[in-house]
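A short worksheet on the structure shown next.
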């Protein structure tokens with residue numbers, strides 16, 4: 001069993017993020033608060049409630065080295081929370097948005113964070129020492145619709161975004177005084193803030209969940225049309241692979257090595273994608289247990305009843321195997337998974353990660369005893 | 001300016017596309033006479049997704065695909081020789097068929113839909129719904 005721990009935190013979880021030592025998890029239970037839980041003697045205890053937002057908290061990220069939490073909300077605001085003694089102290093970051101903030105991520109060096117919004121903009125925020133506040137610089141006029149997810153390249157300058165306009169874009173977020181110009185490196189010679197490096201128009205539907213591989217050489221993102229896209233050579237002529245799969249769409253992805261990606265979404269079960277020796281990506285299998293269905297909709301699936309009625313119009317009688325459950329048997333999550341986070345212990349080879357979803361559960365997974373995946377990790 | 005130029009090119013293109021569809025239609029009739037309904041369907045589905053923006057072309061192509069769909073008698077057998085690359089475009093046409101409301105068409109489309117979903121999964125249905133760019 002790959003799932004090593006399951007905990008029901010709420011009725012529904014919007015997003016979650018882990019503390020640097022993984023002893024605490026911050027999550028939004030689908031309301032305007034951020035709840036922080038600590039694992040004490042194998043039980044989760046709620047230790048803090050961060051209350052500042054007026055509407056649903058759509059994104060949370062917890063920086064690994066500086067131990068700061070950033071939260072963004074549909075109330076168009078974002079707060080950076082600093083630990084001062086036993087308390088979490090919020091600092092408002094003025095984003096000047098006129099629509100909801102949808103997603104947030106700290107940059108690798110944790111000196112910047114990016115916020116995607118429903119205002120078709122991306123705000124890149126950095127800390128100004130002299131004035132002791134966070135300044136927001138906005139990338140405008142490039143996205144045609146809401147920005148659903150943001151992801152930082154390891155170089156702390158390039159930022160990838162996905163949007164409901166169906167495209168994935170990569171921008172430079174170089175800020176004078178914050179970033180150091182690396183002369184003569186291959187990728188971007190003259191990066192100006194907000195300059196679009198590449199626009200990928202591979203999907204004909206909404207895109208979500210963009211992530212970079214550990215080296216930054218490969219980009220992966222998903223479309224709402226049950227497809228996942230892998231792109232190499234980000235630049236004037238990128239190399240893209242469109243992988244269609246037979247299941248419901250994904251919402252988020254995570255790289256576990258240069259050759260392995262796990263996607264999570266509406267099938268409530270993590271999906272493993274891997275690249276073979278020639279670099280060709282394909283779907284390997286589901287990670288969690290799943291009742292094997294020989295004839296698609298007919299066995300124990302939540303759609304069996306609906307399909308039975310649909311096909312019954314063309315036949316004289318309904319098939320007798322179309323039975324019950326609205327629950328997918330054997331699955332750990334019973335509703336859409338919308339967030340996946342890495343949980344690697346430093347220096348350890350074991351690949352652990354967590355998922356949270358609309359069922360209000362956080363599940364911790366361990367890839368350690370998945371023998372068939374060892375070649376990809 | 002660009003949009004106007006595109007429309008101009010499309011009008012010319014539409015005539016060329018209609019001619020191509022008529023040519024397809026003759027090929028399909030011939031294949032059906034030779035009792036090769038799966039080949040006929042493949043021929044009908046080929047070239048259906050790209051560049052067909054004009055409503056006349058879409059209707060003309062649908063007539064041809066419909067002809068081939070209705071000629072299928074052995075649905076299971078069809079899938080053993082239909083390449084997976086045709087699954088997504090076939091699903092789009094099945095939904096077009098279902099939207100006609102015509103009883104024999106809907107019966108046939110439902111029959112094929114059931115088998116196609118078994119083969120291609122819910123993802124295939126998703127792609128036919130989500131693709132608003134290449135609508136047939």
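The values are calculated or read from the model by the stated rules, or taken from the named source; none is laboratory data. Computed from a predicted model, the values in this text were never measured in an experiment. Don't worry about glycine lacking a Cβ; one is built from the backbone with ideal geometry, like all the others, and counts go over all protein chains shown.
Scanning segment A:214-227 for residues that are within 14 Å of another protein chain (Cβ to nearest Cβ) and closer than 15 Å to residue A:169 by Cα returns A:222, A:223.
The one condition from (1) more than 14 Å from every other protein chain (Cβ to nearest Cβ); (2) in contact with a helix residue (DSSP H, G or I) (Cβ under 7 Å, 6 or more places away or on another chain) that residue B:55 does not meet is (2). Taking segment A:232-250 as the search range and keeping residues that are outside any loop (DSSP other than H, G, I, E, B) and within 13 Å of chain B (Cβ to nearest Cβ), which one is surrounded by the most Cβ atoms within 10 Å (Cβ to Cβ)? Filtering segment A:232-250 for residues that are outside any loop (DSSP other than H, G, I, E, B) and within 13 Å of chain B (Cβ to nearest Cβ), the one surrounded by the most Cβ atoms within 10 Å (Cβ to Cβ) comes out as A:250.
Would you confirm whether or not segment B:89-96 contains a residue that is more than 10 Å from chain A (Cβ to nearest Cβ), more than 30 Å from residue A:165 (Cβ to Cβ) and surrounded by 15 or more Cβ atoms within 10 Å (Cβ to Cβ)? No, the conditions are met nowhere in segment B:89-96.
Strands (runs of 3 or more DSSP E) fully within segment A:47-149 that include at least 1 residues being within 18 Å of residue A:208 (Cα to Cα): A:57-62, A:69-73, A:101-106, A:112-117, A:122-128. The strands (runs of 3 or more DSSP E) found wholly in segment A:252-346 and carrying at least 1 residues that are closer than 23 Å to residue A:162 by Cα, modelled with pLDDT of 85 or more and touching a helix residue (DSSP H, G or I) at 6+ places or on another chain (Cβ under 9 Å) occupy A:260-265, A:271-275. Checking A:172, A:204 one by one, the residue that is free of Cβ contacts under 8 Å to residues at least 60 places away in the same chain and in contact with a helix residue (DSSP H, G or I) (Cβ under 8 Å, 6 or more places away or on another chain) is A:204 and no other.
Collect the residues in segment B:120-136 that are more than 7 Å from chain A (Cβ to nearest Cβ) and either crowded, with 22+ Cβ neighbours inside 10 Å or modelled with pLDDT under 95 (or both), keeping them in residue-number order. Give the derivation first.
To start, the set of residues in segment B:120-136 that are more than 7 Å from chain A (Cβ to nearest Cβ) comprises B:125, B:128-129, B:135-136.
Of everything in segment B:120-136, those that are more than 7 Å from chain A (Cβ to nearest Cβ) and either crowded, with 22+ Cβ neighbours inside 10 Å or modelled with pLDDT under 95 (or both) turn out to be B:128, B:129, B:135, B:136.
When residue A:210 is tested against the conditions (1) over 30 Å from residue A:345 (Cβ atoms); (2) surrounded by 18 or more Cβ atoms within 10 Å (Cβ to Cβ); (3) modelled with pLDDT of 95 or more, the lone failure is (1).
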